[in-house]
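Taking it in order: structure first as structure tokens, then the write-up.
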Amino acid sequence: MYRQFVSFEELVSDFRSRENTALRYADEEDNIHNISYPDLAEMIEAEAARVRAECSTVEVIYAEHTVQSVASIFAHVIAGCDVIMADPMMPEEFTDKAARACEDARIAREGRRDERGRLILRKTEGELLFFTSGTTSRSKIVRLTPESLCTSAWSGQSMLACSEHDLLLSILPLSHVFGFVCALLWGLAYGATIALGRGVRHIIDDARFFGPTIISAVPSIVSAMLKYDMLNPELKTVLIGAAPCQPEIAEHLRSRGVNVYFGYGLTETSSGIAITQDLDEPEALYPCPGADIRVEPDGEVTVATPCMMEGYIGAIPMFVGDRFFTGDIGFFDEKGRLHLVGRKKDVLLMHDGTKVFCPEYEEDLANATGFTDLGIIMKDGHAVLVAGKGGDKETLKLAVAEYNKNLPRSQQIYDVIISDHELPRTATSKLKRYELQEQFN
């Protein structure tokens, strides 16, 4: 039975009893360096002492693939500081948003006072605060505890084990919960060596460079690695998550002797709640330990799990009782395996795991152009704007080009289509998105 850690402090304390390498990284000349588990523990504990002395309550940390960033994240949480996990690759607008979120989080922390108005000091560890999606203003800030994150790593280990003999490649953004748990925390909790990726320029060839035995990645990265033949011969296991995966990707990996696992989870559930067990059917998912997954009468997947978030900052969670409504549509087969078939609401899930909130795009572009008969759909893996009859294509293209400037590439609008008719809508003027999608797919 694998040990289930309940805090980062307990986990880091355990580092001192280990003898192998915790982190492997390359310098600017591509020389490889190693940090042992005891040395990493010493770094974290020294940084935690400094943070405690400064009495910090909430901090934005850019979650980079560096030893310093990893140590800083763990140290701040152990010191009782809430950490907003920011992505260094996001536009400047996101930096401003992170700063505002930091202030909101600080106000929330400092608003916790006793009956005499005295600040209630936290005696436990801080929380990690993750954004649910890219840079959209409607993304939410999810509060996750070290216990829920460690429990998620334990439940994943119970379904797919790593060990001190494994080298886990970490190339996913650590500011996303899938990257933090499945490409860092999971390996650190159970003794693997984490190879910290060399950055975006090397995201495709880092497997050849480091020679990992395990890779956690989104489908688009795995597809590119296969296309350019960048997978290393030592590779035994690939864990794919955060977005739908084409069957041919799994088939290609299996033909190379690589075990393929699909994982399903959400930021709100501290990452994975279901994972492959039957390697010949990776899309059929078994619930992780403690994850009570149900499919409601309308097909929506709901879950209750010990890995559940503490809540959002400034937003109301999608709970009914203790069940979280995921917005995903799925079904259970005769073996009790979960199959996912799509999204219930107006969200496009892109191939790299980021999300496009369609109504927000439509509202913003309507305000920019004065033309309101607009709809966002998915076409050939990209977000596309469809305008009803009477829309001016050149005006809309100019507005889209300006709008795209503040969006990550995967979330940008790639084309503008003008319909011969008004867009299909309900009696209350709500867009029939599924009908529109079928019309232009």
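Bear in mind these aren't lab numbers, they're just calculated from the coordinates by the rules spelled out. Owing to the predicted nature of the structure, the values given are computational and were not obtained by experimental measurement. Because the Cβ atoms are built from the backbone with ideal geometry, glycine has one as well, and the counts that use them run over all protein chains shown.
Worth a mention:
- Environment charge at Ile377 (Cβ cut-off 12 Å; Lys +1, Arg +1, Asp -1, Glu -1): -3
- Taking 12 Å as the straight-line reach from the Cα of Lys236, the aspartates and glutamates in range (excluding those fewer than 8 positions away in the same chain) are Asp166.
- In sequence order, region 301-311 has phi-based couplings of 7, 10, 8, 10, 8, x, 8, 5, 4, 6, x Hz under the Karplus curve 6.51 cos²θ - 1.76 cosθ + 1.60, θ = phi - 60°, and Gly or Pro positions carry x.
- Here each label is just a point 7 Å from Cα along the line to Cβ, and for Ser13 and Asp278 those points are 4.3 nm apart.
- Alpha-carbon geometry of region 8-342: the Rg and the Dmax are 19.7, 67 Å, given in that order.
- Of Lys389/Lys432; Lys335/Lys379; Lys344/Lys405, pairs whose Cα-Cα distance is over 23 Å: Lys335/Lys379; Lys344/Lys405
- Residue order, fewest to most surrounding Cβ atoms within 10 angstrom, among Phe357, Phe8: Phe357, Phe8
- Rounded to 10°, Cα long-axis angle of helix 67-78 versus longest principal axis of the chain: 80
- Burial order of peptide ranges 74-81, 30-37, 382-389 (average beta-carbon count within 10 Å, highest first): 74-81, 382-389, 30-37
- Electrostatic tally near Gly179: other residues with Cβ closer than 12 Å to its Cβ, Lys and Arg +1, Asp and Glu -1, net -3.
- Dipole of region 347-440 [Lys/Arg +1, Asp/Glu -1 at C-beta], most positive-end residue of Phe440, Ile376, Met350: Met350
- Inter-site label distance for Ser69 and Arg425 at 7 Å from Cα along Cβ, in nm: 4.4
- Note on Ala53 and Ser36: the extension gain reaches 3.5 nm, defined as 0.36 nm multiplied by sequence separation minus the Cα-Cα distance.
- Here the dipole of region 8-342 is about 520 debye; that uses its Cα centre as origin and unit charges on the Cβ of Lys and Arg (positive) and Asp and Glu (negative).
- Amide H partners (placed H, <5 Å) of Gly327, local residues excluded: Val301
- The 3J(HN,Hα) values that the Karplus relation (6.51, -1.76, 1.60; θ = phi - 60°) gives for region 430-441 are, in residue order, 7, 5, 8, 5, 4, 5, 5, 4, 5, 5, 10, 6 Hz. Gly and Pro appear as x.
- Stretched out straight at 0.36 nm per residue, the stretch from Glu310 to Asp322 would grow longer than its current Cα-Cα span by 3.1 nm.
- Here the contact order of region 326-441, divided by its residue count and restricted to Cα pairs under 8 Å and six or more residues apart, works out to 21 percent.
- Cα-projected label distance for Met89 with Glu394, points at 7 Å along beta-carbon direction, nm: 3.6
- When the square roots of the Cα gyration tensor eigenvalues are ordered a ≥ b ≥ c, the ratio a/c for region 347-440 is 1.5 or more and a/b does not exceed b/c, which makes its shape oblate.
- Available extension along the chain between Lys405 and Asn259 is 48.7 nm, counting 0.36 nm per residue and deducting the alpha carbon span.
- If only the Cβ of Lys and Arg carry +1 and only the Cβ of Asp and Glu carry -1, the dipole of region 216-359 around its Cα centre is close to 240 debye.
- Pairs of Cα atoms nearer than 8 Å and 6+ residues apart set the relative contact order; for region 8-342 it is 14 percent.
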